[in-house]
Amino acid sequence: MKIRIRGNSIRYRLDKADIATLQEQQRVEEITTIGTGTLQFSIHAKAGEPAITLHANGVQLFLPADQVSTWVTTEQVGFKHELPNADGSVLHLLIEKDFKCLTERDEDESQAFENPMQSC
């Protein structure tokens, strides 16, 4: 899972392995070790409205299970949610399938989806 944070927006990009895990286990997580601690981001599919929680060591995103099911079993690229913050601002969330880059990168993209912009 790739996570990009900018201002009040978080973008999650999931590859084929992440999506398979989410579909099978109803959750997927990414853990990064920083010094003696860890930072964890997780996505959970469950009934109800979208929600997000911030903990001392990470972020948990809860998405409607029916929306996740439709997304992982179709060609749908992604979806958005906007969640209100306590200070009156809005957190913008974007959850997408991770496509292969159009330019060469020194990165393992074996689990990335074929890029629809790539010419065959």
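The values are calculated or read from the model by the stated rules, or taken from the named source; none is laboratory data. Here the structure is a predicted model, which means the values were calculated and not measured. When we count neighbours, we look across all protein chains shown, and the Cβ atoms used for this are built from the backbone with ideal geometry, even at glycine.
Candidates in the range 53-86 are the residues that are touching an Asp or Glu at 6+ places or on another chain (Cβ under 9 Å) and among the aromatic types (Phe, Trp, Tyr); of these, the one that is modelled with the lowest pLDDT is Phe79. Kindly indicate whether Asp18 is outside any strand (DSSP E or B) and modelled with pLDDT under 95. Spelling it out, Asp18 is indeed outside any strand (DSSP E or B) and modelled with pLDDT under 95. Only residues that are among the β-branched types (Val, Ile, Thr), over 14 Å from Arg11 (Cα atoms) and assigned to a loop (DSSP other than H, G, I, E, B) were counted in the range 49-86, giving 2. Among the numbered criteria (1) at pLDDT 95 or above; (2) surrounded by 14 or more Cβ atoms within 10 Å (Cβ to Cβ); (3) among the hydrophobic types (A, V, I, L, M, F, W, C), which one does Ile31 miss? For Ile31, the failing item is (2).
Close contacts from the range 67-84, counting a first residue that is free of Cβ contacts under 8 Å to residues at least 40 places away in the same chain and a second that is part of a helix (DSSP H, G or I), with Cβ to Cβ under 7 Å and a gap of 6+ residues or different chains, come to Gln76/Thr70; Phe79/Gln67; Phe79/Trp71.
Among the residues making up the range 1-28, those that are surrounded by fewer than 16 Cβ atoms within 10 Å (Cβ to Cβ), over 26 Å from Ser89 (Cα atoms) and of a type outside the set (S, T, N, Q) are Lys16, Ala17, Ala20, Glu24, Arg27.
What number of residues within the range 4-24 are without any contact (Cβ under 8 Å) to a residue 60 or more places away in the chain and farther than 18 Å from Thr74 by Cα? Don't jump to the end; show me each part of the working.
Kept after step one, since they are without any contact (Cβ under 8 Å) to a residue 60 or more places away in the chain, are these residues of the range 4-24: 4-7, 20-24.
Checking the rest, the ones that are also farther than 18 Å from Thr74 by Cα come to 4-7.
Summing the residues that are without any contact (Cβ under 8 Å) to a residue 60 or more places away in the chain and farther than 18 Å from Thr74 by Cα in the range 4-24 gives 4.
Remark: Ala45 matches the filter, which requires a residue to be surrounded by 16 or more Cβ atoms within 10 Å (Cβ to Cβ), within 19 Å of Glu75 (Cα to Cα), among the hydrophobic types (A, V, I, L, M, F, W, C) and over 11 Å from the mean Cα position of the chain (by Cα).
Among the candidates Ser119, Ser89, Ser110, single out the residue that is farther than 19 Å from Arg13 by Cβ and modelled with pLDDT under 90.
Working: Ser89 fails: modelled with pLDDT under 90; Ser110 fails: farther than 19 Å from Arg13 by Cβ.
Selected residue: Ser119, the only one of Ser119, Ser89, Ser110 that is farther than 19 Å from Arg13 by Cβ and modelled with pLDDT under 90.
Starting from residues that are touching a helix residue (DSSP H, G or I) at 6+ places or on another chain (Cβ under 9 Å), assigned to a strand (DSSP E or B) and of a type in the set (A, V, I, L, M, F, W, C), keep the ones in the range 24-48 and report whichever is nearest to Val68 (Cα to Cα). Outline the logic, then answer.
Quick first cut of the range 24-48, residues touching a helix residue (DSSP H, G or I) at 6+ places or on another chain (Cβ under 9 Å) only: 26-30, 43-48.
Among the residues that remain, those that are also assigned to a strand (DSSP E or B) are: 27-30, 43-46.
Applying the additional criterion that residues be of a type in the set (A, V, I, L, M, F, W, C) yields 28, 43, 45.
Working: Val28: 12, Ile43: 10, Ala45: 6 Å.
Checking each candidate, the answer is Ala45.
Taking the range 3-15, which residues are in a strand (DSSP E or B) and closer than 21 Å to Pro64 by Cα?
Step one: of the range 3-15, the residues in a strand (DSSP E or B) are 3-6, 9-14.
Ile3, Ser9, Ile10, Arg11, Tyr12, Arg13, Leu14, listed by residue number.
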